[in-house]
Amino acid sequence: APLRGMKGSLFEAGVRVPACASWTGQIKPGSKSNTPISSVDFLPTLATLAGAPLPSQKPVDGTDISPILFGEQIGDRNLFWHYPL
């Protein structure tokens, strides 16, 4: 409660779950963001933080969300979920 559904469903409780990050000296303790993110954002974000290039031969669906970690914003975007059950 108060969200409907469960993990794996398209109801709020299936796609709207909290995430947390900790990085001493980099991420301000107690900071919060309401910006929606997706697991596909992890690859471009971690690549940026590591200074590694993204694959050039295949498209990357995610967005670098590292600005959020440092208290900044990212541009609006559409997020999609597909469960072919």
* To do: For segment 14-43, name all the residues that are in contact with a Leu (Cβ under 6 Å, 6 or more places away or on another chain) and over 27 Å from LEU3 (Cα atoms).
  => ILE27
* Asked: Which is at pLDDT 95 or above and open to solvent by less than 80 Å² (accessible area, probe 1.4 Å), of LEU79, LEU3, LEU49?
  -> LEU49
* Take ALA47 and decide whether it is in contact with a Pro (Cβ under 9 Å, 6 or more places away or on another chain) and among the aliphatic types (A, V, I, L, M). => yes
* List every residue pair whose Cβ atoms lie under 9 Å apart, where the two residues are 6 or more positions apart in sequence or sit on different chains, the first residue falls within segment 9-33 and is under 17 Å from ASN78 (Cα atoms) and open to solvent by 100 Å² or more (accessible area, probe 1.4 Å), and the second residue, located anywhere, is acidic (Asp, Glu) and in a loop (DSSP other than H, G, I, E, B). => none
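When segment 44-77 is examined, which residues are found to be in a loop (DSSP other than H, G, I, E, B) and touching a residue at least 12 places away in the same chain (Cβ under 8 Å)? Before you say what the answer is, go through the steps one by one.
From segment 44-77, those in a loop (DSSP other than H, G, I, E, B) are 51-65, 70-77; that's our starting set.
Once the filter is applied, which keeps residues that are in a loop (DSSP other than H, G, I, E, B) and touching a residue at least 12 places away in the same chain (Cβ under 8 Å), segment 44-77 yields VAL60, ASP61, GLY62, THR63, ASP64, ILE65, PHE70, GLY71, GLN73, ILE74, ARG77.
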* Just to be sure, is ASP41 at pLDDT 90 or above, assigned to a helix (DSSP H, G or I) and surrounded by 11 or more Cβ atoms within 10 Å (Cβ to Cβ)? -> yes
* Any idea how many residues of segment 52-69 are within 14 Å of the chain's Cα centre (by Cα) and open to solvent by less than 100 Å² (accessible area, probe 1.4 Å)? -> 9
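The values are calculated or read from the model by the stated rules, or taken from the named source; none is laboratory data. The structure displayed is predicted, hence computed values, not measured ones. Glycine also receives a Cβ, built like all others from the backbone with ideal geometry; neighbour counts cover every protein chain displayed. For accessibility, only protein heavy atoms count, side chains too; no ligands or nucleic acids. Shrake-Rupley method; radii C 1.70, N 1.55, O 1.52, S 1.80 Å.
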